[in-house]
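Read-outs: derived from the displayed coordinates by stated rules, not from any lab. This one's a predicted model, so the numbers in the text were calculated from it and none came from an experiment. Quick reminder, even Gly has a Cβ in these numbers, built from the backbone with ideal geometry, and neighbours come from all protein chains shown.
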Amino acid sequence: MVALEQETRPVKGLKEVEEVISKAIKKIGAKKENELCKYLPMKSGGYMHHFTLKKMKIKQPQELAAIIEKHVVNVDRPVIIAPKQRAPRGSRKRRDHMNFTRMQLERMLSIARLAGDKEIITILSPKKSLASCKRELIQAIRHNKAEQELWNSYVEAVQAHQILANDPNYAFAQN
């Protein structure tokens, strides 16, 4: 007998919620149940999502009925709740990143060379492969030229090659 009463309680709660929802829909002049969501505030901010409305209708009918009565039925003029503030699209992207043309990069590189700023030179210099660095370094040696920038790019290429050679995932991918 007790089990039968427990089974009928949610149905009774569901009927009450349906009545409250129909009153609220008539009051705001909505066509669909989902339009009620914009009048129901959430603790986290903004208004209730329509999935939450459906879920509460089944799992927490009394609580939903109380919220609807408080914010729609028992109020003279129901207020539409502003949506929850969200981060704008693309807000995680860096906005200070500048794209330069090849000519602009070469000009900035030549200015950095004239100023003698080695750090800026290494940042602006294009990354070369180990083979091309070796080739250019050998040519520079044959022409009796010593270029610090070329040597730095060779050292970077060797370090990158060693890191990749020691990485087991990279070695597996090469086989």
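Worth pointing out:
- Among the candidates K84, K118, K70, residue that is free of Cβ contacts under 8 Å to residues at least 60 places away in the same chain, farther than 30 Å from L14 by Cβ and either among the basic types (K, R) or loosely packed, with under 12 Cβ neighbours inside 10 Å (or both): K118
- Screening the range 31-69 for residues that are in a loop (DSSP other than H, G, I, E, B) and touching a Leu at 6+ places or on another chain (Cβ under 9 Å) and picking the one that is farthest from V17 (Cα to Cα) gives M48.
- Output for the range 11-32, where each listed residue is among the hydrophobic types (A, V, I, L, M, F, W, C) and closer than 13 Å to E63 by Cα: L14, V17, V20, I21
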